[in-house]
Structure formats: C-alpha cells, structure tokens
Amino acid sequence: MKNILGKTFECSCGKTHEVPDIEILEASIREAPDIFPDAFFIADLNTASLVNLPGKRSFVFNERRPLATMENIEKVMKASGNFPEIVSIGSGSLTDIARYAAYLSGKRFSCVPTAPSVDAYTSTVAPILVNGVKKTFKAIPPGKILLDIEVLRNAPMDLLRAGVGDIVAKIPARMDWILSHVVTGENICDFVWNDMKDLLKEILLKSKDILNRERSAIKTLIEAHLVSGINMVIMGNSRPASGAEHMVSHLIEMFHEEKGEMPPFHGLTVMIGVFVSMKAYEALVEKKEIPLKDYSIEERRKELLELFEERKVEEFLKTYAEKKFPKIEADIVGEPLEDIYWEFFPHLKRTLETIDVNSVINSYSKDFLSRVVRLANTIRDRFTILDVFDEMKILKNFSEMVF
Ligand SMILES: [Zn+2]
Ligand SMILES: [Zn+2]
C-alpha cells in the first residue's frame, strides 16, 4: 500500500485514482505527545491510560464508548482551542469525532488506532449521528497514522473478532459488486480488489492467530483495514467494502438505535451479514433449489412498521421503489464470481466459526434475523445478491431457511 500513497494514476477501470498522502508510522503510543508536538489529543476512559497525555492539550471523554454525535464534536472543537491539529487515541467513533471536529475547524487531523476493528482510519468521510440519524459527511484523511502493534494486539477480544468480521466482509462485498457489474452494468475496478485479496487470504488463514494476539497476524489485520479504507477513498464510495452484508448489519444497528440502545461493535453485526451473504452465494453458485414465494410490498411495509417508525419506513420504501430490478438471466454466475467462491469460501466458513458467528446470531431471535434478511435490500440503493433473490422471488424463502 505504501507505494501508492500520495500518488495519482490512471487505472484500467477508466478512472483516474487519487490516493491521499498519509504517513503511516510504527512506534510506541507513549511517544505520541512527541510525534505530534503541537497537537490536541482526544481519548476516552478506555484509551486515556495508554498514553501520558499532556493535560493542557487533551480532552478525555468521561465514557467508555463516546458516540460520534454533533454534541461531542462541538465539545472537541471548543476544547481544542487554537491547536492546529487534533489527534484521536481510540477506535471507530473517536476517530470520526476527531476527523470531523478537525475538518469543521480547519485543523489538521491524525489518528492513533487502538484496535484493528474497522476500516475507517484511512477514510475521508465521517458518519455522524445528527438527532439520532446517522449521516455521512465529507471530511479529511489523516495526515499521519501512528500504529503501536502492542496496543492493537491487546485490544479487547470482541474488537478483534469485530475486526475480522468487518474485513472478511470485503469478500462478499466484492462478489456483490461483480454481480451488479454483470446485471446492471455498474462500473467496476479491479485495482482495488487486487491490492486487497492477498491480505484477505492471509487473514482467513491466520484468524486463529489474530484471536491469539500474534503480532504478525495483528499487523496483517490492521494493514488490511487501512488498505480497505483507502480503496473507498480511491473509488469515492464504499462499494469495495460494503455490500448486502453491511445492509444486514446497518438494519440491525438502526434497530438498536431506534430503541435507544447501544448496538454491538460494528464488525460483530457485520459478521451476521457475512454469514447471510455466504449462504446466499452458496445457493447461487452451487445452484441450490430455493422454492418461490411471494413477498408483497404490503407485507414489506407491515414488517418494516413493526421495527421502525413510519417516517423511516416511508423513506426506506421510497429508496426501494427507485431500485431498478433488471431481468435476471440464468447465467449471471460467471468465472470471476466462481473463482472467488472456490478460492475463499471454504476458508471463510472456517473463519466465521473461529470468530464464533453463532454466538452473535444466537443473541437475536431467528424470527427477527429472518426479517432483517428480507428487509435489508430496502434501505439502500446499492444492488446486491439480495436484490437478485428478490427479483427471482426466492428472498422470502431464503430468509426463512438461512439461520
Ligand atoms: Zn464495516
Ligand atoms: Zn480503478
């Protein structure tokens, strides 16, 4: 990855890709105050103890998992005064807070990841909660990323599991992209897959080592997350990193937020989505018979209304109505899909067992998860395998037999 940082190049996909210039350095987290001599630091109750933070230039949230809300961003903007840079010491949400606060106040932004759990570190956008609704805003990439492998390998076990869950999602996400390319003609880029697939394979083979906190395996995991984030920046959207599995995850996350609950770590719900996509591709590639069953728009609306307030449901249904469902031809499974399937899926299946996907699945009722599976393609205009199943009229039955 390091050889493309800061470069602009013409890609075989027809686009000119611009890669942000991010400096990635490996050092002890304790050196952070010297590495960023004029920066203002933010941390939370879990991460503050990792560094001896200079009191005058730091702000510690009095919580274990501060959310990326506008209120928290305003707090940081105020506290950071005239310091020219904001540095986050934490994982996903804390990084989003620092990134957006820095962007809004015209400051530089850098980050010190404390868990290899998400691919948001190298991102240029920030998902922020505004009045309880998650919105993605344009922001800036980090100038520097300081990696302390000792800190990363000692992250909480659930964040390591989540980190594996969110990264293996790139496999079904790529397959959804290929499907959409074949069915809808969506533009596709091979560069962003080629720079990712070897890392993914390595992670599938080393998933036990990751949970055993082995240095080299943890290093591969964080590198894969950094590359994945850069791939989204290169493409200008999250297509390389997010397909049906993320829609399943988002629906579960939104359901928790609707009830005013803190959702599980992102990669844990993504894990359920990866399991669903894996089963769907298994059926598609191995031509497993799924009986037809109607799933009417009235039934969809009714099931959505049982989970979400009406305003949101109408918004979802509008998105769904605008989706185009091209006629699915019999031969949509071509070589690129089959190649990924046979190369990755046997390992993917074992990896999901290693990170214990069943314990996450079992924390919900089967009935709830089935609904999530048949409703997930309602919430976003992105074409995935769930749309293929919807068009083929097998989505309802698939959702009832997947768990
Ligand atoms: Zn994700
Ligand atoms: Zn490209």
Residue check, LYS15 away from ligand 1 (no atom under 16 Å from the Cβ), free of Cβ contacts under 8 Å to residues at least 60 places away in the same chain and either on the phi < 0 side of the Ramachandran plot or over 27 Å from the mean Cα position of the chain (by Cα) (or both): no
Within segment 95-120, tally of residues that are within 16 Å of ligand 1 (Cβ to nearest atom), farther than 22 Å from GLY236 by Cα and hydrophobic (A, V, I, L, M, F, W, C): 1
Residues located in segment 245-267, provided they are within 11 Å of ligand 1 (Cβ to nearest atom), over 18 Å from ARG371 (Cα atoms) and of a type outside the set (Gly, Ala, Ser): PHE265, HIS266
Where VAL76 falls short, out of the listed (1) under 22 Å from the mean Cα position of the chain (by Cα); (2) away from ligand 2 (no atom under 16 Å from the Cβ); (3) β-branched (Val, Ile, Thr): (1)
Verdict on TYR281 being part of a helix (DSSP H, G or I), touching a residue at least 12 places away in the same chain (Cβ under 8 Å) and not hydrophobic (A, V, I, L, M, F, W, C): yes
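Condition check ((1) under 18 Å from LEU152 (Cα atoms); (2) in the same structural domain as GLU257 (by TED's automatic domain parsing); (3) touching a helix residue (DSSP H, G or I) at 6+ places or on another chain (Cβ under 9 Å); (4) surrounded by 13 or more Cβ atoms within 10 Å (Cβ to Cβ)) across all residues:
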position: LYS2; (1), (2), (3), (4): no, no, no, no
position: ASP38; (1), (2), (3), (4): no, no, yes, no
position: ALA48; (1), (2), (3), (4): yes, no, no, yes
position: PHE59; (1), (2), (3), (4): no, no, yes, yes
position: PRO84; (1), (2), (3), (4): no, no, no, yes
position: GLY92; (1), (2), (3), (4): yes, no, yes, yes
position: ALA102; (1), (2), (3), (4): no, no, yes, yes
Those residues of segment 361-382 which are within 24 Å of the chain's Cα centre (by Cα) and more than 16 Å from PHE316 (Cβ to Cβ), in sequence order: ILE361, ASN362, SER363, TYR364, SER365, LYS366, PHE368, LEU369, SER370
Verdict on LEU307 being in contact with a Phe, Trp or Tyr (Cβ under 8 Å, 6 or more places away or on another chain) and assigned by TED's automatic domain parsing to the domain that holds MET254: yes
Subset of segment 11-29 (residues that are surrounded by 13 or more Cβ atoms within 10 Å (Cβ to Cβ) and of a type outside the set (Ser, Thr, Tyr)): CYS11, CYS13, LYS15, HIS17, GLU18, VAL19, PRO20, ILE22, GLU23, ILE24, ALA27, ILE29
Exclusive hit being without any contact (Cβ under 8 Å) to a residue 60 or more places away in the chain and of a type outside the set (A, V, I, L, M), set LYS206, LYS201, LYS219: LYS206
Single match in LYS107, LYS75, LYS134, LYS144 (criterion: at pLDDT below 95 and of a type in the set (D, E, K, R)): LYS134
Residue in segment 232-246 that is farthest from ASP96 (Cα to Cα), counting only those that are away from ligand 2 (no atom under 14 Å from the Cβ) and not in a helix (DSSP H, G or I): GLY243
Residue within segment 205-217 that is under 13 Å from ILE167 (Cα atoms), within 16 Å of ligand 1 (Cβ to nearest atom), hydrophobic (A, V, I, L, M, F, W, C) and at pLDDT 95 or above present: no
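The values are calculated or read from the model by the stated rules, or taken from the named source; none is laboratory data. What you see is a predicted model, and the numbers here were worked out from it, not measured in a lab. No Cβ is skipped: glycine too gets one built from the backbone with ideal geometry, and neighbour counts run over all protein chains shown.
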